[in-house]
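The values are calculated or read from the model by the stated rules, or taken from the named source; none is laboratory data. Predicted model, so just to flag it, every value in this text is computed and none were measured. When we count neighbours, we look across all protein chains shown, and the Cβ atoms used for this are built from the backbone with ideal geometry, even at glycine. Calculation scope for accessible area: heavy atoms of the full protein, side chains included, ligands and nucleic acids excluded. Shrake-Rupley method; radii C 1.70, N 1.55, O 1.52, S 1.80 Å.
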Amino acid sequence: MSSYIKKSFENLKLSLHKVSALSADNTNCNFGKNHSLYTNLKKEIPNLIKANCHAHIIHNSVRYAMNFISFDIENVILKIYAHFSQSSVRRETLKDFFTFLNCEWSELKKHVVTRWLSLLPAIEMILKNWEPIKSYFLSLEKCPPLILKILFSDDQVTIKTDIEIYFFFLSHILPLFNEYINKLQGNNISVMVVYDAMNSLKKSLEIRIKDTIFGFHTNQLIEMSTNKDILINDFLNFLNNAINYLNKWFDFSDLNWLRQVKCVNLSSELKYSELLYLISELKLENKLFLNIRI
């Protein structure tokens, strides 16, 4: 890839040394520490700026954080969807439960783990149809073992009520992540606001940890649960590990060039000292000519 880029620049008679940044996805081939597109180009362009995908970081922080709660919610969603999508007979039987419970029929949403915004709609649809789905599985003489293990208590009759609380928690917290993913993928986004967006997400998560905010309905259900301490600990683990992942893959320090570039977003008065510092940090002294009239 790096060789192809170099040849393309040569064919177009463009100078590779005029390139200021590499914007690409967060795969190892693009931004790996050893022999990646970025490291290869950086040998040619020492001051090359790494402009990787921050929406990808947010998506991965959710997937990482979900490893630290007691229920494998993604697996629950995938198994429930697969159970009905593979059989039209099961689907029609489920429709009967909707009719019996006076619920409006609606299709379950498919969740694809590589799609950043598919988890929330799948969770919301299961929550909306929780009673018919629960009744359907309770009616089965032989419930699939994996679903049985996920959904039912040891007596194989009582639904694990806590799992519904996990669904409510995720339906509360995922819109926050989706909001910033959509913002960073928007048509009107600029590099000057990336740092503030990432920092705002982190602060929102920290506030939820400090005040144990898990969503109004979630908090109500926690108070009624016999596993209150486990639930609170799980949800705090989720939030803490989401922050840990963000801290690992995004530099929130004042030294981050994304923070320095904020000064030119015109949201506040531009200071000459800030501009000089930005130019110095980005190593642009020999590329810019400043004609500033005071």
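Taking the Cα centre of the chain as origin, sum charge times position over the Cβ atoms of Lys and Arg (+1) and Asp and Glu (-1), and report the length of that vector in debye to the nearest 20.
Roughly 1400 debye, rounded to the nearest 20.
Averaging the inverse of every distinct alpha carbon separation and then flipping it gives the Kirkwood radius. What is it for the range 1-160, in angstrom units?
19.7 Å
Grab the DSSP H runs of the chain that are 4 residues or longer, score each as -39,500 (n - 2.57), total them, divide by all residues and round the 222 nm result to the nearest 500 deg cm²/dmol.
-18000 deg cm²/dmol
May I ask for the angle, rounded to the nearest 10°, between helix 88-100 and the longest principal axis of the chain, with both axes built from Cα atoms and the value confined to 0 to 90°?
Taking the Cα atoms of the chain, the angle to 88-100 is about 70 degrees.
May I ask you to give the percent of accessible area on the chain that is carbon plus sulfur, with a probe radius of 1.4 Å?
Carbon and sulfur: 52 percent of the exposed surface of the chain.
Just to confirm, what accessible area per residue do you get for the range 209-258 at 1.4 Å probe, in whole Å²?
57 Å²
Just going by the charge dipole of the chain, with Lys and Arg at +1 and Asp and Glu at -1 on Cβ, which of 126, 67, 194 is farthest out on the positive end?
Ranked along the dipole, the leading option is 194.
Sort largest first and round to whole Å: the equivalent ellipsoid semi-axes of the chain, each the square root of five times a Cα gyration tensor eigenvalue.
Taking √(5λ) for each Cα gyration eigenvalue gives 48, 23, 16 Å.
Of the listed pairs 134/210; 6/283; 18/50, which have alpha-carbon separations greater than 24 Å here?
Cα-Cα > 24 Å for 134/210; rest within.
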